[in-house]
1. Does residue A:50 satisfy being closer than 22 Å to residue A:144 by Cα and not assigned by TED's automatic domain parsing to the domain that holds residue A:117?
2. Find the helices (runs of 4 or more DSSP H) located wholly in region B:1-88 whose residues include 1 or more that are under 26 Å from the mean Cα position of the chain (by Cα) and at pLDDT 90 or above, and list them.
3. What is the residue count in region B:274-297 for residues that are without any contact (Cβ under 8 Å) to a residue 60 or more places away in the chain and within 14 Å of ligand 2 (Cβ to nearest atom)?
4. May I ask you to list the residues in region B:50-77 that are within 14 Å of another protein chain (Cβ to nearest Cβ) and either over 30 Å from residue A:88 (Cα atoms) or in contact with a strand residue (DSSP E or B) (Cβ under 6 Å, 6 or more places away or on another chain) (or both)?
5. Inspect region A:179-195 for any residue being within 16 Å of ligand 2 (Cβ to nearest atom) and modelled with pLDDT of 95 or more and give the result as yes or no.
6. Exactly one condition in (1) closer than 15 Å to residue A:97 by Cβ; (2) more than 13 Å from chain B (Cβ to nearest Cβ) is not met by residue A:254; state its number.
7. Could you please find all residues in region B:304-332 being part of a helix (DSSP H, G or I) and within 10 Å of ligand 3 (Cβ to nearest atom)?
8. Considering only residues that are crowded, with 20+ Cβ neighbours inside 10 Å and assigned to a loop (DSSP other than H, G, I, E, B), look in region B:244-255 and name the one that is nearest to the other protein chains (Cβ to nearest Cβ).
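The values are calculated or read from the model by the stated rules, or taken from the named source; none is laboratory data. Since the structure is predicted, the reported quantities are computational estimates derived from the model, not experimental observations. With ideal geometry, Cβ positions are generated from the backbone for all residues, glycine too; neighbour counts draw on all protein chains shown.
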Ligand SMILES: Cc1cc2nc3c(=O)[nH]c(=O)nc-3n(C[C@H](O)[C@H](O)[C@H](O)COP(=O)(O)OP(=O)(O)OC[C@H]3O[C@@H](n4cnc5c(N)ncnc54)[C@H](O)[C@@H]3O)c2cc1C
Ligand code: SF4
Ligand code: SF4
Ligand code: FES
């Protein structure tokens, strides 16, 4: 029986502390057949505690392991944070649709992340880097609350050296150790110029950040069809059956989780 | 296959035959209320058992949904890192007496589960082992409003066999291959229905339709979807929801509601069973996301969501409403909120 509710077991092989409330979990798939495309998500089971949806943060091209960068916010994530290397988890998926990256070819791509929202975007970033020449330029604009809350602290400086990539960061609240920009992430978009109608914006972060980033991109002249938004909705099945993720006419698990502004603009409070 | 007739005196005989090969569920009166119950040997062996009484009433208290989409069902889990084994009960069963308002929900679940790209093997297995013998509602009651949904008070789509109780017996019409086989297995009991039998059935059906039109003379506006969509004001929905005591019985008895939650129960160390349980959009946790945010924190928005779901979103997706007019929701409602009235005012 092909049972879409049944997870397969995976093993935690490494846990990386990113911030006081965010960790990256590296999973060994134990030989199970699994692959995903950037934009799709999985349902992760903590045995005996429950399931929650997460988007892999590793490269879809990396077939040996799966990484998830996760913030501790409640029941399932707290239980996950108490686990050690060697623990067994369950995975179902992948679910949802991928970023249509073929449409991004020849374009300037703005990847805009807030807080842990950079995690799902990292897998898109890695996917784009596989064929970086196909894109005009990849910009990452990343905002975190404080310098302590920045994820991938060791990796970002390396990415900055990569060809075809332009990275800028800000923190909402500065401190002595922070030498960069201070302010919400949208300040990094203030001097965005060019043929914006043809640019792609990909946004993931807390609801309020998504909202203001979208407003900013629209102000700058981005086309609603080119603004890709990761919608965080309550999800249970991931299959388009249980009803939980319904947002207007969409089942976010099946029609998303990434939807364009054009798709959601008529929905009352799409970011809530 | 021709339309068949079974004389009254052979009915018990036929039920006996059916119960040799199947578990048979039958509308049964308990304390003045009708429920589907296993047809037991007491009833089968009693020549004076009032088989028709409950059959001629409107839909039972519980819908047939629970036969297929169970209130709680084990659908997975891990035990020592291995998937738990689930033995599906494949005993064939027959449900007798389902009404049209319990058949329409099957079409809703067909869309949501069976036509879903991943499928729903548990629901499917239950459907596959079940024959449905549906019956007419000769006398619709005040809570019935299938006519407002464009449905008839007799079985249309979704059954295997349609059975109509008439004065001196039963008329049978098969509506699926399965149903045809079911009747053919005992075809020595049946005879071809006579034209006067069919006239009797037609008259009875016309009468039922007319009764419904007097119960619900006022049809909803033809642009209901648009009206619901444009009814955004909090005041209106607050007013409609004001008598709700938030028991959510309406969604638990609803035959069309399809929402569920995957709920894991720990067994022993690192092992768990995963259950699929009924869930409903009126619960505040239903749409809540990590950290406590919710798209519908206020109750009036959750109340409104039910109307968005049943009469707008589902309707836009599939061309029919996710409501069958069975009236169960307001039959159980402590605040007496009548879904018909809300839709009239919207
Ligand atoms: C597509 C997608 C991708 C995501 N990717 C990531 C990612 O890469 N990284 C990341 O950190 N996060 C990600 N998230 C968010 C993540 O799924 C949530 O943070 C996670 O579900 C929180 O689970 P929790 O149990 O720890 O939180 P909680 O706040 O404890 O619970 C959240 C869930 O439990 C339910 N719930 C809460 N309280 C109750 C109650 N009292 N009774 C019943 N139910 C209750 C809620 O309705 C909700 O379903 C993603 C979300 C989605 C939809
Ligand atoms: S909403 Fe009410 S009337 Fe409609 S199918 Fe559900 S219980 Fe029956
Ligand atoms: S009305 Fe609510 S509980 Fe019923 S199917 Fe729709 S969303 Fe689910
Ligand atoms: S999570 Fe179940 S329908 Fe989307």
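1. no
2. B:11-21, B:51-55, B:65-68
3. The qualifying residues number 3.
4. Scanning region B:50-77 gives B:68, B:69, B:72, B:73, B:74, B:75, B:76, B:77.
5. Going residue by residue through region A:179-195, those that are within 16 Å of ligand 2 (Cβ to nearest atom) are none.
No.
6. (2)
7. Within region B:304-332, B:305, B:306, B:307, B:308, B:309, B:310, B:311, B:313, B:314, B:329 meet the criteria.
8. Applying the filter and picking the extreme gives B:254.
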